[in-house]
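*Asks:* I'd like to ask you about the structure that follows.
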Amino acid sequence: MSAALTRATIYHFRHELPVPIPTVMGPMTARPALLVRIEDTEGAQGWGEIWCNFPPDGDFHRARLASRLLPAALAGMTADTPDPFERILRRLHRLIIQ
């Protein structure tokens, strides 16, 4: 059995653009990025990303949401947990349908 996941840290970066970039979803006024670092009890770590380019300023909401929900969504899981994505979806199902 592998070590339990103990920590999820969200890193929120945002670079305001001097000139908006036109996109099919509207002008992009900033380049946001949300990175996720997950660590287990043995110190192993992995990185991921949360897509946050739309809607404008949605990165602020997603950063708050991830920092509040990820710890509970990952509770009791290890790197060997079968079907981790499906398990997280089940745990967050009520929030997803809202």
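The values are calculated or read from the model by the stated rules, or taken from the named source; none is laboratory data. Fair warning: this is a prediction, and the values are worked out from it, not measured in the lab. A quick note on method: Cβ atoms are made from the backbone with ideal geometry, for glycine too, and the neighbour counts reach across all protein chains shown. The protein model used for the area step is the full one, side chains on, heavy atoms only, and it has no ligands, DNA or RNA in it. Shrake-Rupley method; radii C 1.70, N 1.55, O 1.52, S 1.80 Å.
*Asks:* Without any contact (Cβ under 8 Å) to a residue 12 or more places away in the chain, open to solvent by 80 Å² or more (accessible area, probe 1.4 Å) and within 13 Å of the chain's Cα centre (by Cα), is that true of Arg64?
*Replies:* Spelling it out, Arg64 is indeed without any contact (Cβ under 8 Å) to a residue 12 or more places away in the chain, open to solvent by 80 Å² or more (accessible area, probe 1.4 Å) and within 13 Å of the chain's Cα centre (by Cα).
*Asks:* May I ask you to say which residue of Phe13, Phe54, Phe85 is among the aromatic types (Phe, Trp, Tyr) and touching an Asp or Glu at 6+ places or on another chain (Cβ under 9 Å)?
*Replies:* Step by step, each of Phe13, Phe54, Phe85 is checked, and only Phe13 is among the aromatic types (Phe, Trp, Tyr) and touching an Asp or Glu at 6+ places or on another chain (Cβ under 9 Å).
*Asks:* Of all residues in the range 1-34, how many are open to solvent by 60 Å² or more (accessible area, probe 1.4 Å) and either in a strand (DSSP E or B) or closer than 15 Å to Leu70 by Cα (or both)?
*Replies:* 14
*Asks:* Turning to a different aspect of this structure: Please go through the range 77-98 and give me each residue that is open to solvent by 70 Å² or more (accessible area, probe 1.4 Å), part of a loop (DSSP other than H, G, I, E, B) and either over 26 Å from Met25 (Cα atoms) or among the small types (Gly, Ala, Ser) (or both), ordered by number.
*Replies:* Matches in the range 77-98: Ala79, Asp80, Pro82, Asp83.
*Asks:* Inspect all residues belonging to the range 49-70 and state whether any of them is among the hydroxyl-bearing types (Ser, Thr, Tyr) and assigned to a strand (DSSP E or B).
*Replies:* For the range 49-70, residues among the hydroxyl-bearing types (Ser, Thr, Tyr) and assigned to a strand (DSSP E or B): absent.
Residues checked against (1) modelled with pLDDT of 90 or more; (2) among the aliphatic types (A, V, I, L, M):
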site	(1), (2)
Pro27	yes, no
Ala33	yes, yes
Phe60	yes, no
Leu65	yes, yes
Leu74	yes, yes
Gln98	no, no
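*Asks:* I'd like the residue in the range 37-58 that is modelled with pLDDT of 90 or more and open to solvent by 70 Å² or more (accessible area, probe 1.4 Å) and, out of all such residues, is nearest to Ala4 (Cα to Cα).
*Replies:* Among those that are modelled with pLDDT of 90 or more and open to solvent by 70 Å² or more (accessible area, probe 1.4 Å), it is Thr41.
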